[in-house]
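Asks: Structure provided below as structure tokens; questions to follow.
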Amino acid sequence: MVPDEKGALVIPNNNFTPHRDGLRPRYIILHSSAGGSHAQVVAKYFASTEGSADPLSSHYVIGCDGSIVQCVAERDGAWANRTFSPGHDVFWDETSDPNLSTISLDLCKPSHDNSDMLTGAQQMACFQLIRNICRRWQIPLRLADADGGITGHFSLDPLNRQQCPGPFPWDPLWTFLKEGQRMLELTDPQVAPFFSAGGDGSWLCNSNGVRLRGANLLFYRCYGGPRLFGIPLTNEIYLPQYPNTAIVLCERAMLAYDPDRKIDTPLMSGQCYLLPITTGIGQQLLLQRSNSLIQSLTTKLNQIQILSRF
Ligand SMILES: [Zn+2]
């Protein structure tokens with residue numbers, strides 16, 4: 001099988017309805033794996049259910065590291081959704097087989113209750129894959145309704161699959177799709193003068209040696225880069241009072257990786273957000289920074305004064 005998605009690894013299985021019995025995919029359904037972080041492991045599990053009483057597959061599996069495995073061709077109907085349950089969204093036709101009109105994406109989540117947030121790499125791979133599938137099949141770039149779109153397994157089976165996919169950055173997805181955003185690349189003219197590759201996927205700021213990495217880098221690349229945020233002025237700052245967070249001061253903004261919402265609770269549901277700078281920890285960090293700048297200036301002035309005495 002040639003992958004529909006460029007760069008996807010193929011681990012095929014036979015758990016699908018060929019050619020969707022003549023139908024076209026109109027929906028993308030998001031699932032999570034409830035265990036396992038590697039896409040290949042989940043894809044091999046799907047293949048192992050072939051011929052069993054409960055054969056199962058999604059079209060794609062997206063690993064925590066952002067790698068994508070394709071298991072079933074998009075033109076075929078992967079067996080990812082079993083039944084409808086009471087309370088399902090009204091636009092679903094209970095008499096139809098949902099696998100014939102849907103393309104299913106499975107997000108690897110290590111926890112058995114799907115409570116994990118996506119990793120930065122996983123989120124970006126997922127967003128781009130969704131956009132590419134929508135383009136290939138003219139699926140509306142919005143929350144599913146009677147005319148098609150994107151939703152989660154909970155939409156079909158709220159009784160048994162309320163936590164499928166579990167936490168998912170819906171608002172950033174809509175923003176990403178609406179703005180037709182493409183992630184900034186190192187080769188882009190608005191980026192190239194400021195950054196070079198820093199290894200491990202990080203970006204190295206040419207003027208000050210600061211490194212942008214992980215979810216903060218993805219946020220920076222998705223939402224404006226140097227044009228909006230300016231260049232980063234610090235490496236990630238880890239505050240002991242806020243474990244599992246990372247703050248980056250930029251020229252024009254302060255980025256915060258904070259998946260558990262320990263510092264602030266902005267409405268947008270991604271892992272990163274812009275930190276308020278007139279209150280709280282953002283303000284403190286700015287004050288600290290200006291204090292240390294003043295201190296280093298004072299030290300330099302003192303040194304000049306001392307030297308001028310000789
Ligand atoms: Zn599911």
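The values are calculated or read from the model by the stated rules, or taken from the named source; none is laboratory data. Computed from a predicted structure; not experimentally measured. Heads up, the Cβs are rebuilt from the backbone with ideal geometry, glycines too, and the neighbour counts pull from every protein chain shown. The protein model used for the area step is the full one, side chains on, heavy atoms only, and it has no ligands, DNA or RNA in it. Shrake-Rupley method; radii C 1.70, N 1.55, O 1.52, S 1.80 Å.
Asks: In what order, largest first, do LEU286, LEU159, LEU228 sit by accessible area if the probe radius is 1.4 Å?
Replies: These residues rank, largest area first, as LEU159, LEU228, LEU286.
Asks: Sort HIS112, HIS31 by heavy-atom solvent-accessible area, probe 1.4 angstrom, most to least.
Replies: Sorted descending by solvent-accessible area, the residues read HIS112, HIS31.
Asks: What does the charge dipole of the range 108-198 about its Cα centre add up to, to the nearest 20 debye, if the Cβ of each Lys and Arg holds +1 and the Cβ of each Asp and Glu holds -1?
Replies: For this selection, approximately 220 debye.
Asks: Report for the range 9-168 the percent antiparallel among DSSP-assigned beta bridges with both residues inside it, nearest 5.
Replies: Roughly 25 percent of the DSSP beta bridges within the range 9-168 come out antiparallel.
Asks: Using Cα atoms only, what is the angle between the long axis of helix 39-48 and the major principal axis of the chain, expressed in degrees (0 to 90) to the nearest 10?
Replies: Result, in degrees: 10.
Asks: Oh, and also: Assign one of three labels to the range 188-275, namely rounded, prolate or oblate, based on the Cα gyration tensor with a ≥ b ≥ c the square roots of its eigenvalues; rounded applies when a/c is under 1.5, prolate when it is not and a/b is larger than b/c, and oblate otherwise.
Replies: prolate
Asks: Count the net charge of all other residues whose Cβ sits under 14 Å from the Cβ of ASP89, scoring Lys and Arg as +1 and Asp and Glu as -1.
Replies: Net of charged neighbours comes to -2.
Asks: Another question, if that's okay. Of the peptides 207-216, 114-123, how do they stack up when ordered by the mean number of other Cβ atoms within 10 Å, highest first?
Replies: 114-123, 207-216
Asks: A follow-up question, please. Mind giving me the FRET efficiency for ARG252 and ASN132? R0 is 35 Å, r the Cβ-Cβ distance, nearest 0.05 is fine.
Replies: Computed FRET efficiency for ARG252 and ASN132 comes out at 0.65.
Asks: Hey, another quick one. Order LYS44, LYS6 by their accessible area, 1.4 angstrom probe, all chains in place, largest first.
Replies: LYS6, LYS44
Asks: For the chain, just run the numbers: alpha carbon Rg, then divide by 2.2 N^0.38 Å, N being how many residues it has.
Replies: Normalised by 2.2 N^0.38 Å, the Cα Rg of the chain equals 1.20.
Asks: Turning to a different aspect of this structure: Hey, if you put +1 on the Cβ of every Lys and Arg and -1 on every Asp and Glu Cβ in the chain, which of MET124, THR234, ILE68 ends up farthest toward the positive end of that dipole?
Replies: THR234
Asks: Could you list the GluC sites (Glu not before Pro) in the range 1-103 that lie in coil according to DSSP, counting only those with at most 16 other Cβ atoms within 10 Å of their Cβ?
Replies: GLU50, GLU94
Asks: If you take the charge dipole of the chain about its Cα centre, with +1 on Lys and Arg Cβ and -1 on Asp and Glu Cβ, which of TRP92, LEU56, LEU217 is farthest toward its positive end?
Replies: Towards the positive end, the residue furthest out is LEU217.
Asks: Return the percentage of antiparallel bridges among DSSP beta bridges fully within the chain, rounded to the nearest 5 %.
Replies: Here the antiparallel bridges make up roughly 55 percent for the chain.
Asks: What FRET efficiency, computed as 1/(1 + (r/R0)^6) with R0 = 35 Å and r the Cβ-Cβ distance, is obtained for ILE304 and ASN206, rounded to the nearest 0.05?
Replies: FRET efficiency, ILE304 to ASN206: 0.75.
Asks: Here is a follow-up. Enumerate by residue number the chymotrypsin sites (Phe, Trp or Tyr not before Pro) in the range 194-238 meeting two conditions: DSSP loop (anything except H, G, I, E, B), and at most 14 other Cβ atoms within 10 Å of the site's Cβ.
Replies: Passing sites in the range 194-238 are TYR238.
Asks: Quick check on my link table: of LYS6/LYS262; LYS262/LYS300; LYS44/LYS178; LYS109/LYS262, which ones sit more than 30 Å apart, alpha carbon to alpha carbon?
Replies: Pairs exceeding the cut-off: LYS6/LYS262; LYS262/LYS300; LYS44/LYS178.
Asks: I'd like the FRET efficiency for HIS112 and ASP65, computed as 1/(1 + (r/R0)^6) with the beta carbon distance as r and R0 of 22 Å, rounded to 0.05.
Replies: 0.65
Asks: Taking the Cα centre of the chain as origin, sum charge times position over the Cβ atoms of Lys and Arg (+1) and Asp and Glu (-1), and report the length of that vector in debye to the nearest 20.
Replies: The dipole magnitude comes to about 1320 debye.
Asks: Work from the charge dipole of the chain (Cβ charges, +1 for Lys and Arg, -1 for Asp and Glu, about the Cα centre) and give the residue of GLN162, PRO276, ALA47 farthest towards its positive end.
Replies: With unit charges placed on the Cβ atoms, the residue in question is PRO276.
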